[in-house]
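The values are calculated or read from the model by the stated rules, or taken from the named source; none is laboratory data. Note that the coordinates shown come from a computational prediction; the quantities given were computed from them, not determined experimentally. Neighbour counts run over all protein chains shown; Cβ positions are idealised from the backbone, glycine included. Side chains included, ligands, DNA and RNA excluded: accessible areas come from the protein's heavy atoms. Shrake-Rupley method; radii C 1.70, N 1.55, O 1.52, S 1.80 Å.
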Amino acid sequence: MTKVLERASQLDVKKNNVQNKIEAKSIFFDYDGLEILQDINLTIKEGEFIVLMGPSGSGKSTLLRLLTGLTQPKEGEIFVNHQSITQSLPDSSVVFQDYSLFPWLTAEENIMLALKQRLNKSKTKKELEQLAHNYLELVQLGHAFKKYPGEMSGGMRQRAAIARALSLGSDLMFMDEPFGALDPVTRIRLQDLVLRVNQDQQRTIVFVTHDAEEAIFLADRIVMFTPGPPGRIAEIIDVPFPKPRNRKKLIESLEFIQFRNYILGIMNKEIFEKLNQQNELLLNGNGI
């Protein structure tokens, strides 16, 4: 395991000359008086694939929304391309857990609307339709161009949302558990697609997941959160396996198993510490 972590530090040296894409400085966030995030400091490099990982309620999705500029922190500041997002929202595409498709538009029309925003009337309707078809085919929805969201399964709606995010063409993507509703085969195909987009187009991706194997296969770095509330960053871990990664060889390797156990060990340690704190409150008579 020591050799695996040493390799991670060697890979990290190569990133030092890359520009910062996102900087979150001393971020605090609460909701109705309940502290959700506490003292979050995170720097993300251009073209980096960052995975936010931790138990439910640790603030991963909240941080994702803060980074998009859709929600404002109670304290601290967030910069994208060295500009505070309080001054202007960053150019980004987002895939939420709830799909966020327009229900009165077909899959094709949802993509075309995103393309119109990006291309600013430089394409004809026929050209937009063809582009929309291309993006939908990328996510295996070539048969569903004319379907409305209400006519699609949850997995199909999520794939349509991913296609729309890709079509926006932004070099910054935020993805909140985008593959959770997908079957295993489609999940693997879309993991491969998102990795190609990250590597070939140098898009910066911030991705939320609970799945340790998914995190290791996709990420350059994994940001581990403590159980909340409040959620804090427990550790930021460099993934020691160079890209591109061969899925079969990686998952079957002893190094992968050791690293996965290391990741899960960190998360479980934080969970047990949280449970012990709660038990102590109960034993002291200070709990409910």
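Filtering region 218-252 to residues that are in contact with a helix residue (DSSP H, G or I) (Cβ under 9 Å, 6 or more places away or on another chain) and small (Gly, Ala, Ser) leaves 228, 231, 234. Looking only at residues that are without any contact (Cβ under 8 Å) to a residue 40 or more places away in the chain and touching an Asp or Glu at 6+ places or on another chain (Cβ under 9 Å) in region 76-87, which one is most open to solvent (accessible area, probe 1.4 Å)? For region 76-87, the residue satisfying everything is 86.
Give the number of residues within region 132-152 that are outside any helix (DSSP H, G or I) and touching a residue at least 24 places away in the same chain (Cβ under 8 Å). Step through it out loud before you land on a result.
Within region 132-152, the first condition is being outside any helix (DSSP H, G or I), and the residues that meet it are 139-148, 152.
Cutting the leftovers down to touching a residue at least 24 places away in the same chain (Cβ under 8 Å) gives us 139-141, 144-148, 152.
Residues that pass the stated criteria total 9.
Only a single item in (1) in contact with an Asp or Glu (Cβ under 8 Å, 6 or more places away or on another chain); (2) free of Cβ contacts under 8 Å to residues at least 40 places away in the same chain is not met by residue 123, and it is number (1).
Quick one: is residue 121 open to solvent by 40 Å² or more (accessible area, probe 1.4 Å) and at pLDDT below 90? Please lay out each step first, then the result.
Working: open to solvent by 40 Å² or more (accessible area, probe 1.4 Å): yes; at pLDDT below 90: yes.
Considered against the rule, which asks whether it is open to solvent by 40 Å² or more (accessible area, probe 1.4 Å) and at pLDDT below 90, residue 121 comes out as yes.
Scanning region 248-258 for residues that are charged (D, E, K, R) and surrounded by 14 or more Cβ atoms within 10 Å (Cβ to Cβ) turns up just one, 255.
Residues in region 53-75 that are crowded, with 17+ Cβ neighbours inside 10 Å, over 21 Å from residue 100 (Cα atoms) and touching an Asp or Glu at 6+ places or on another chain (Cβ under 9 Å): 53, 54, 55, 58.
The condition of being buried (at least 22 other Cβ atoms within 10 Å of the Cβ), of a type in the set (D, E, K, R) and in a helix (DSSP H, G or I) holds for residue 157. Does any residue of region 126-137 turn out to be over 23 Å from residue 179 (Cα atoms), among the aliphatic types (A, V, I, L, M) and modelled with pLDDT under 90? Taking every residue of region 126-137 in turn, at least one turns out to be over 23 Å from residue 179 (Cα atoms), among the aliphatic types (A, V, I, L, M) and modelled with pLDDT under 90.
Run down 30, 91, 98 and say which single residue is in contact (Cβ under 8 Å) with a residue 40 or more places away in the chain and open to solvent by 80 Å² or more (accessible area, probe 1.4 Å).
Values: 30 fails: open to solvent by 80 Å² or more (accessible area, probe 1.4 Å); 98 fails: in contact (Cβ under 8 Å) with a residue 40 or more places away in the chain.
On inspection, the qualifying residue turns out to be 91.
Residue-by-condition table, conditions (1) among the hydrophobic types (A, V, I, L, M, F, W, C); (2) open to solvent by 30 Å² or more (accessible area, probe 1.4 Å); (3) within 15 Å of the chain's Cα centre (by Cα); (4) modelled with pLDDT under 95:
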| site | (1), (2), (3), (4) |
| --- | --- |
| 1 | yes, yes, no, yes |
| 4 | yes, no, no, yes |
| 8 | yes, no, no, yes |
| 11 | yes, yes, no, yes |
| 17 | no, yes, no, yes |
| 20 | no, yes, no, yes |
| 44 | yes, no, yes, no |
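The single residue among 243, 248 that is part of a loop (DSSP other than H, G, I, E, B) and either without any contact (Cβ under 8 Å) to a residue 60 or more places away in the chain or not aliphatic (A, V, I, L, M) (or both) turns out to be 243.
Looking across region 175-228, the residues that are of a type in the set (S, T, N, Q), in contact (Cβ under 8 Å) with a residue 60 or more places away in the chain and open to solvent by less than 50 Å² (accessible area, probe 1.4 Å) come down to 198, 204, 209, 226.
For region 209-219, the count of residues that are closer than 20 Å to residue 156 by Cβ and assigned to a loop (DSSP other than H, G, I, E, B) is zero.
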